[in-house]
Amino acid sequence: MFAQARTGTGNKVFFVDEMRRFIPSRSDLIPVQVDQIFREGRTVGIETVLATQYPRDFSKTIREEVTEWVCFNINEPDNLDAVRPYFSGVDRVTALRPGEYIAFNRNSGGESAGKMF
């Protein structure tokens, strides 16, 4: 992936849906190659996008690397607790309707909200 990212212009996207299927729940045993993408991918234009219905199942190592949280309705306390250290306003997502989201950027502190469907 790193070699390919260096060959072309523009950013590349590494997308994984339901990452918890590939890394054991709440485990910090992340495969070396995946850890390298998370930590060094930006240097060659690799953007990482992960999706899950259960943020509590992302290891702390992964959650610490997230710069943008895009949250739809979350009601499970454990999932809210998993996001709260990185997005203190996460409790507001409990009132969202289907398709609505709140996005929080940890680098800028900026928030946006919208509706996908």
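The set of residues in segment 39-71 being within 18 Å of Gly109 (Cα to Cα), open to solvent by 10 Å² or more (accessible area, probe 1.4 Å) and not β-branched (Val, Ile, Thr) consists of Arg63, Glu64, Glu65, Glu68, Trp69.
Determine whether segment 51-69 contains at least one residue that is more than 28 Å from Phe2 (Cα to Cα) and of a type in the set (D, E, K, R). Within segment 51-69, one or more residues are more than 28 Å from Phe2 (Cα to Cα) and of a type in the set (D, E, K, R). Exactly one residue out of Glu18, Glu65 is within 24 Å of Lys115 (Cα to Cα), at pLDDT below 90 and not basic (Lys, Arg), and it is Glu18. Mind checking which pairs have a first residue in segment 67-79 that is without any contact (Cβ under 8 Å) to a residue 24 or more places away in the chain and a second that is surrounded by 13 or more Cβ atoms within 10 Å (Cβ to Cβ) and of a type outside the set (S, T, N, Q), Cβ under 7 Å, 6 or more apart or different chains? Correct list of pairs: Ile74/Leu80; Ile74/Val93; Asp78/Arg56. Within segment 78-101, does at least one residue satisfy the condition of being out of contact with any His (no Cβ under 9 Å at 6 or more places or on another chain) and within 17 Å of Phe14 (Cβ to Cβ)? No; the residues of segment 78-101 include none that is out of contact with any His (no Cβ under 9 Å at 6 or more places or on another chain) and within 17 Å of Phe14 (Cβ to Cβ).
Is there a residue being touching a helix residue (DSSP H, G or I) at 6+ places or on another chain (Cβ under 7 Å), aromatic (Phe, Trp, Tyr) and more than 17 Å from Asn105 (Cβ to Cβ) anywhere in segment 6-20? For segment 6-20, residues touching a helix residue (DSSP H, G or I) at 6+ places or on another chain (Cβ under 7 Å), aromatic (Phe, Trp, Tyr) and more than 17 Å from Asn105 (Cβ to Cβ): present. Of all the numbered requirements in (1) exposed (fewer than 15 other Cβ atoms within 10 Å of the Cβ); (2) modelled with pLDDT of 95 or more; (3) under 16 Å from the mean Cα position of the chain (by Cα), Asp28 misses one, and that requirement is (2).
The values are calculated or read from the model by the stated rules, or taken from the named source; none is laboratory data. On a predicted model such as this, the values are computed, not experimentally measured, just so you know. Every residue, glycine among them, receives a Cβ derived from its backbone with ideal geometry; neighbour counts consider all protein chains shown. Surface areas here come from the heavy atoms of the whole protein model, side chains and all, with no ligands, DNA or RNA. Shrake-Rupley method; radii C 1.70, N 1.55, O 1.52, S 1.80 Å.
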